[in-house]
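Readers should treat all values here as calculations from the given coordinates under stated rules, not as data from a laboratory. As the structure is a prediction and not an experimental result, all values here were calculated from the model. Ideal geometry is used to build each Cβ from the backbone, glycine not excepted, and the neighbour counts take in all protein chains shown.
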Amino acid sequence: MAIYNLGSINVDHFYAVPVLPSPGETLAATNVKTGLGGKGANQSVAAAKAGATVHHIGAIGADGDWTLDRLRSYGVGVDHISQSSEPTGHAIINVAADGENAIVLYRGANYAFDEAAVRKALSGAGPDDILLIQNETTHQQIAAKIAHERGARVMYSAAPFDVDAVRDVLPFVSILAMNEIEKDQLLAALETDIADLPVDEVIVTKGGVGADLHHAGTVTSVPSHRVDVVDTTAAGDTFAGYFAAARDEGFDIKSAMKLASAAAAIKVTRAGTADAIPARSEVDAFIAKL
């Protein structure tokens, strides 16, 4: 059993601000730091920290060698990460005092690698495996199709949201993960309701309210946890990576949701993205105290 992840690798630049800036407004940041990020890297780190065997598929620029070292340090396989002539992707992340964030992305190397690399990486995938994809790289549709044809489950995080990207991969997706805003956008664009989406499982994360999983006409819900919120960035990625790892480990839906929710709760108490995702031992200890 393994998790393959066609995902972005970004250098995240964090700026602490009193509030998120309004259009035309200039604010002085109170702190700045740099870390490993990208929805793909975040999910790979989360899945690896949860205990899964993870193979990341993607690309970096010549400036990104340190990101490989960081991924390795968290247990993520990097053999399928190529080097591009484009710079490593990066993100400008403003984090307000209440933990909310606003993000600007530069795609860079995340959109500058060959389809052949994706095919080669997935040549070993099979029915016992899971493919994670998000909307921050190229070749999502072909990766989803290959994994589906090889019998692997495909879990797609529909973010950053683009209805055309969702339409392209939806025929191959087993698990669709969205937040409430993305869910409303998708259902409106497709003129359907959640029960009629052609996907086995639909996860809807609802921030401080919790999360729902829709499957076979039923809804499995988990509540959020009362914690002191520092930074909500990567909370959804932490949930997705932990959920995928739990399902890969053989957890049922309810148990996987519970583990993922606890991991996301710990994450929001810490500033940062991939580097702030909790280890499995921390998550198990958190659940034991509930």
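Normalised by 2.2 N^0.38 Å, where N counts its residues, the alpha-carbon radius of gyration of the chain equals 0.94. To the nearest 0.05, how large is the calculated FRET efficiency for Ile92 and Ala116 if R₀ is 41 Å and r is the Cβ-Cβ distance? It comes out at approximately 0.80. Largest first, the three principal axis extents of the alpha carbons in segment 99-145 are 39, 25, 13 Å in whole numbers. Reported value for segment 1-55: 107 Å³ per residue, from the convex hull of its C-alpha atoms.
Taking max minus min of the alpha-carbon positions on each principal axis, segment 46-205 gives extents of 45, 44, 30 Å, largest first. With bins 10 Å wide starting at 0, give me the P(r) of segment 225-288 over every alpha carbon pair, in whole percents. Using 10 Å bins, I get a P(r) of 25, 57, 17, 0 for segment 225-288.
At q = 0.10, 0.11, 0.23 Å⁻¹, what is the log10 ratio I(q)/I(0) for segment 1-122, with the Debye formula run over Cα points and no solvent? Taking Cα atoms of segment 1-122 as identical point scatterers yields -0.34, -0.41, -1.22. Residue ranges 245-253, 123-131, 1-9 sort as 1-9, 245-253, 123-131 when ordered by packing (mean number of other C-beta atoms within 10 Å per residue, highest first). Within the listed set Ala112, Ala165, Ala46, the Gaussian network model of the chain (springs between alpha-carbon atoms below 10 Å) gives the highest mean-square fluctuation for Ala165.
Equivalent ellipsoid of segment 189-252: semi-axes from √(5λ) of the C-alpha gyration tensor, largest first, are 23, 16, 12 Å.
Spherically averaged projected area of the convex hull of Cα atoms, segment 85-163: 6.7 nm². Under a model in which nothing but the beta-carbon of Lys, Arg (+1) and Asp, Glu (-1) is charged, segment 88-199 shows a dipole of about 560 debye around its Cα centre.
Which semi-axes, in whole Å and largest first, does the equivalent ellipsoid of segment 216-260 have when worked out from the alpha carbon gyration tensor as the square roots of 5 times its eigenvalues?
Equivalent ellipsoid semi-axes, largest first: 21, 14, 9 Å.
The calculated FRET efficiency for Thr53 paired with Asp200, based on their beta-carbon distance and R0 = 22 Å, is about 0.45. Each label point was placed 7 Å from the Cα along the Cα-to-Cβ direction; for Ala29 and Ile181 their separation is 2.1 nm. Taking every Cα-Cα distance in segment 67-131 and sorting them into 5 Å bins starting at zero, the pair-distance distribution P(r) comes out as 3, 13, 15, 18, 20, 14, 9, 5, 2, 0 percent. Only lysine pairs 8 or more places apart or on separate chains count here, and in the chain those with Cα atoms under 17 Å apart total 12. May I ask you to derive the FRET efficiency for Met1 and Arg72 from their Cβ-Cβ distance with R0 = 25 Å, giving the value to the nearest 0.05? E between Met1 and Arg72, to the nearest 0.05, is 0.75. Please label the shape of segment 33-102 as rounded, prolate or oblate, based on the square roots a ≥ b ≥ c of the eigenvalues of the alpha-carbon gyration tensor (a/c under 1.5 means rounded; beyond that, a/b larger than b/c means prolate, else oblate). Taking the square roots of the gyration eigenvalues as a ≥ b ≥ c, segment 33-102 is oblate.
A helix-only calculation puts the chain at -9500 deg cm²/dmol for mean residue ellipticity at 222 nm, using -39500 (n - 2.57) for each DSSP H run of at least four residues, averaged over all residues.
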